[in-house]
Amino acid sequence: MKLNTLGVAGIAVVMSAVPAFAHHSFSMFDATSSKTVEGVVKEFQWTNPHSWILMMVSNSQGQLEQWAIEMGGPIGLARQGWTPKTLKPGMQVKTVIHPMRDGTNGGQFMAITLPDGTLIGDVNAPASANAGGGP
Amino acid sequence: MSRHGGNFTAGALVGAICLTGSLSGVAQGTAPNFAPDRNIGWYAYNRLFIPPPSGAGPVLQDPSRPYVTNDEFRVTGRQPTERVADLDNPILQPWAKEVLRKRNELILSGKRAPSPTASCWPKGVTAFLLSPMTQAMYFIQGPKEVVMILTSFNDVRHIHLADKHSANVKTSWYGESIGHYEGDALVVDTIGLDDRTRIDGFGTPHTTQLHIIERFHLIEDGKVLEANVHVEDPGAFTMPWDAIQRFRQYEAAVRQVPVERLVQLASAPEGPLVEMNCADNPNSFLGERDTIPLPQAHAPDF
């Protein structure tokens, strides 16, 4: 198993990785913690309103389980340099996520390390202290 | 009864193109111009209505359970929370209050409440005004019609510049809106709304008797768009009530958060409207969220 808890605290939030088209509340994700998930890409869905990384990850018994990583839509991802072919089935990757609060195998995308070592996203980016969007 | 299934992107864009040629006739005299150029989009202040200075107002968050929106999370990193309705609002008829109580109960038990929006349902007239700060609303003002387009799922409203509603209004997701310019405001009167839409993100229900009057006008030297909303529905509410929503232009919106950390905020060079089709992939891989089926039309509307 290669699930490592990186740490806690909201400072690990990566704004550039926050899904673009949030048609649901992010309350399902634990914004105060991050988790690293290593596994093999099963599928990369380049779709609106959310793109998805489906990964196969070994559990503590050595059995493969599917993890689902929710991302933003293609427009936001493209602005960050993603393309529909950034991830291909079979790639060994390491993703950092805000995990599901209910323990479901999945979470909200924060960063990913590709097989060649390329890191997309920044897990150490501090949360902005700017005023919120409300009046 | 006409029930538009799915979203209206294609029709909206065709309509927008058709109207563009008529823009020279827009905003004569003191009539407001909400779209001085094609890149002007309006970003909502918040996902909750602002209550009026006095009198009956909209359903708001239970004050004992602070609401942290996705937008606030984007800016501050705070843990997002769900909307929990304040059930003490006197506008609610008992059955409407019970709808909200059940949703509150679901949320407070730790479960996720089904969201019509997450299942690609059109938002309806009032919820149209409550979309995230990241998803702009655009106006196209023609001599006979005003079109409002929301980046979020490309929902579209058509406001016919007429003084009377049709004799027999059929219900639909966005009902029948008629409008006129009154001084510096666009006044919009809407009836015929499908009762499957919701008033707001709390899931406040309404009936087909819902009647909405909106006044859109510019404030703060044209930098802010304000919508004053008057709502009546004798089938769901005990009294008429009022609400306010305000919108910023792009430059003001990005001042709320460093744009490099909010790449999804549509920028003027990439505007004016990005494609965002909900039904492209409404699937969830994270549990029971999508329990409301996608809307489907069994017959065309034309």
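Every number in this text was worked out from the coordinates using simple rules, so none of it is lab data. It should be emphasised that the depicted structure is a prediction, and the values quoted were computed from it without experimental measurement. Cβ placement follows ideal geometry from the backbone for every residue including glycine, while neighbour counts extend to all protein chains displayed.
Over 31 Å between C-alpha atoms is what I'm after, so list which of A:Lys88/B:Lys123; B:Lys97/B:Lys123; B:Lys111/B:Lys170; A:Lys94/B:Lys111; B:Lys97/B:Lys223; A:Lys35/A:Lys85 land there.
Where the Cα-Cα span goes over 31 Å, the pairs concerned are A:Lys88/B:Lys123; B:Lys111/B:Lys170; B:Lys97/B:Lys223.
Per-residue mean of other chain beta-carbon atoms within 10 angstrom of the beta-carbon, peptide B:64-71? If you can, show how the numbers build up before the last one.
Values: counts 0, 0, 0, 3, 5, 7, 9, 6.
Per residue, the number of nearby Cβ atoms from other chains is 4 on average.
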## Note on the structure
Cα-based Rg and Dmax for the stretch B:143-196, in Å, come out at 11.8, 34
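Considering only the other residues whose Cβ falls under 13 Å of the Cβ of B:His165, what net charge follows from Lys and Arg at +1 and Asp and Glu at -1?
Numbers: positive: B:Lys164, B:Lys170; negative: B:Asp163, B:Glu176, B:Asp189.
It works out to a net charge of -1.
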#### Entry: HN-Hα J in Hz across the stretch B:107-122 - Karplus 6.51, -1.76, 1.60, θ = phi - 60°, x for Gly and Pro
4, 6, 7, x, 8, 9, 7, x, 10, x, 5, 5, 9, 6, 6, x
### Task
Could you sort B:237-250, A:55-68 so that the peptide with the highest average Cβ count within 10 Å comes first and the rest follow in order?
B:237-250, A:55-68
### Task
Could you go through the stretch B:39-49 in sequence order and give the Karplus-derived ³J(HN,Hα) for each residue, using 6.51 cos²θ - 1.76 cosθ + 1.60 with θ = phi - 60°, rounded to whole Hz, and x for Gly and Pro?
8, 6, x, 10, 10, 5, 5, 7, 8, 10, 5
### Task
Name the long-range amide H neighbours of B:Gln249: under 5 Å, sequence gap of 5 or more, or other chain; modelled H, no Pro or chain starts.
B:Tyr43
